[in-house]
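The values are calculated or read from the model by the stated rules, or taken from the named source; none is laboratory data. This one's a predicted model, so the numbers in the text were calculated from it and none came from an experiment. For neighbour counting, all protein chains shown are included, and Cβ atoms are generated from backbone atoms with ideal geometry for every residue, glycine included.
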Amino acid sequence: MNTPYGPESRLRRRWPTHYRWLDVLPGLMAVLVLLPACTALQGVTRAGAIWLVLALACNSRRVLVALFWPVVLLLPAALYYIHISGVPPGYPLWLILFYCSAPVVLGYVRPVLPYLCIWVGVWSILVGLYLSRPRGPVVRMRPVARLVGMAVLTAWIVVPTVRLWQHLPPTRGGTENPMVAIHSRFDRAWPWSMLTGYVAARRETRRLTDMARRISHEPVHFLAPPQPDMPQVIVLAIGESARRDHHHMYGYGVPTTPEMEQVPDLLHFDDMVTPFDYTVGAVPVILSGYDRLRSGSVSGHDLVSVFNAAGYDTWWISNHPRLGPYDSVIGAYSEQAHHIAYTTVHGGLMSSPVLDERMLPVVDGAIRGAKGPVFIVLHLFGSHENAADRYPAAFGGIGTPYDNSIAYTDHMLAHVVASLQAHGGPAALFYVSDHGVRVGECTAGIPTHGDVRAAYEIPFYLWASAAWQAAHPQAMQAARDNVHAPLTLAALPPSVLDAAGLGYEGAEMDMSVLSPHPARPRRIVHGDSGANRDVDYDHSHDDASCHIARD
């Protein structure tokens, strides 16, 4: 019991009257922590129910404010993410964060870092002042009543989730990630969407890592015996965030591809579509044909493992951040190569990405040192946000920063072709971008990831040396005949294998652009929300909010 002479009363007398307004802090913070959940009614109700359980469990305003504090600090980031994606941060964001290094993330927030520091400082002071004195319970209820309230709310949250888990479709136990369905119940319930999203994303990366490891140990049954003594070099250059309509080669008005346009016998396919508008979904399709959102999709062997089995010397050269073999979907594939070079790694730590030209000495060395057959994967940082950081000053006057970054990639590819020409012998270069970005669509001219229709339209080049063409005249003619064919990114693995004279049981070789009549499956692309997850690209349009939608 408090008395006029009790400790709380003594502290209250010493507490300045003009700080009494801090008593409204819990209510204000409650509004702020629920604000990002307001994108949907189910988000507010589920997030609010979880907060009520915690409030009843601790029944202390000081503890509750301490729990609110880190969530309020993250509020600007959550609102910005909602601005660009329409949903609170969760599963997709974690996939991106697993793929990026801390310096890359810092590069995004650096422009607003001073304001974030002020925000953190102000709220830290307010919370510190609030926590410096006793504040009393959240609710004045009997313990039994509080326990009953907690039990009812917990059952309302947990029981439907358990029932959902029990009734997941059979395919979710194999080719899909069951935690994605669980996360979907909380994908609007910020900040709990970050917790369920983390579990779903971590399971996804581990599942794909296990899949890549399993594939690498499975025997490859070739359709014809490989010829490991044939000295040829096959290069697969994977671009980043480059959409086709900003390439001069495809009719764009700015001269963004001056060097590759001068390369003899270069083929540029003008109707290639990627199923994803983000890297972590697209690159597995490039390497193995695996579309993780296509129902029933099962990955074939990845290209690196197939070339290993065929007796090739394999290289993975990347300017992307490296999270390690068990933390990144892309890293799971890269670890299969005999030689791995990440130019963003120094002493085992990730640094901020450097210019793509840092990879050229490694590429040149791999080509120059080729004694037998060699397969090289070159993973460019290309036109990734922020595009203005992706090229040197010499490429700064061509057009917008995004156009300049594409021109710089053009220079990189021309250098690789020149290196292959200098080496001599049979050689082929494939170049494809993983996806495009929004450039002017709902972005105020700032390129950013997003599921606008043009983000799925990507460049695709094929260059082959004179020696390779002489050895494969029919394949080269077929490729020329297919430059206007409607293609999907899943055509890349069989095309690369076809160029090397490799094929294995189970590979969809009829999709190769080197075949006379490549198969033409429906081109299904995946938007960023449940409403447009599976869209037939050939029967689609952009809606008023710059998202791809069904016709």
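Only a single item in (1) under 23 Å from GLN262 (Cα atoms); (2) in a loop (DSSP other than H, G, I, E, B) is not met by ASN404, and it is number (2). Look at segment 285-311: where a residue is more than 11 Å from GLN336 (Cα to Cα) and a partner is of a type in the set (Lys, Arg), sitting 6+ places away or on another chain with Cβ atoms under 8 Å, you get LEU293/ARG533. Exactly one residue out of LEU489, LEU497 is closer than 24 Å to GLY311 by Cβ, of a type in the set (A, V, I, L, M), in the same structural domain as ALA454 (by TED's automatic domain parsing) and surrounded by 14 or more Cβ atoms within 10 Å (Cβ to Cβ): that is LEU497.
Rundown of residues vs (1) surrounded by fewer than 23 Cβ atoms within 10 Å (Cβ to Cβ); (2) among the β-branched types (Val, Ile, Thr), yes/no style:
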position: ARG188; (1), (2): no, no
position: LEU195; (1), (2): yes, no
position: ARG202; (1), (2): yes, no
position: PHE222; (1), (2): yes, no
position: ASP229; (1), (2): yes, no
position: VAL233; (1), (2): no, yes
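Counting residues in segment 259-278 that are farther than 19 Å from PRO494 by Cα, in contact with an Asp or Glu (Cβ under 8 Å, 6 or more places away or on another chain) and of a type in the set (Asp, Glu) gives one or more. If you go through segment 445-472 and keep only what is in a helix (DSSP H, G or I) and closer than 19 Å to VAL263 by Cα, you end up with ALA466, ALA467, TRP468, GLN469, ALA470. Look at GLY506 and say whether it is among the small types (Gly, Ala, Ser), assigned by TED's automatic domain parsing to the domain that holds TYR461 and either part of a helix (DSSP H, G or I) or in contact (Cβ under 8 Å) with a residue 40 or more places away in the chain (or both). Taking the combined requirement at face value, the residue satisfies it. Could you go through segment 100-113 and let me know if any residue there is at pLDDT 85 or above, in contact with a helix residue (DSSP H, G or I) (Cβ under 7 Å, 6 or more places away or on another chain) and not assigned by TED's automatic domain parsing to the domain that holds GLY331. No; the residues of segment 100-113 include none that is at pLDDT 85 or above, in contact with a helix residue (DSSP H, G or I) (Cβ under 7 Å, 6 or more places away or on another chain) and not assigned by TED's automatic domain parsing to the domain that holds GLY331.
Against the definition (crowded, with 18+ Cβ neighbours inside 10 Å and either among the hydrophobic types (A, V, I, L, M, F, W, C) or in a loop (DSSP other than H, G, I, E, B) (or both)), how does ALA479 come out, yes or no? The answer is yes for ALA479.
Name every residue in segment 417-431 that is assigned to a helix (DSSP H, G or I) and closer than 15 Å to PRO264 by Cβ, in order of residue number. Within segment 417-431, VAL417, ALA418, LEU420, GLN421, ALA422 meet the criteria. Of everything in segment 518-547 that is at pLDDT below 90 and not polar (S, T, N, Q), the residue that is farthest from ASP291 (Cα to Cα) is ALA531.
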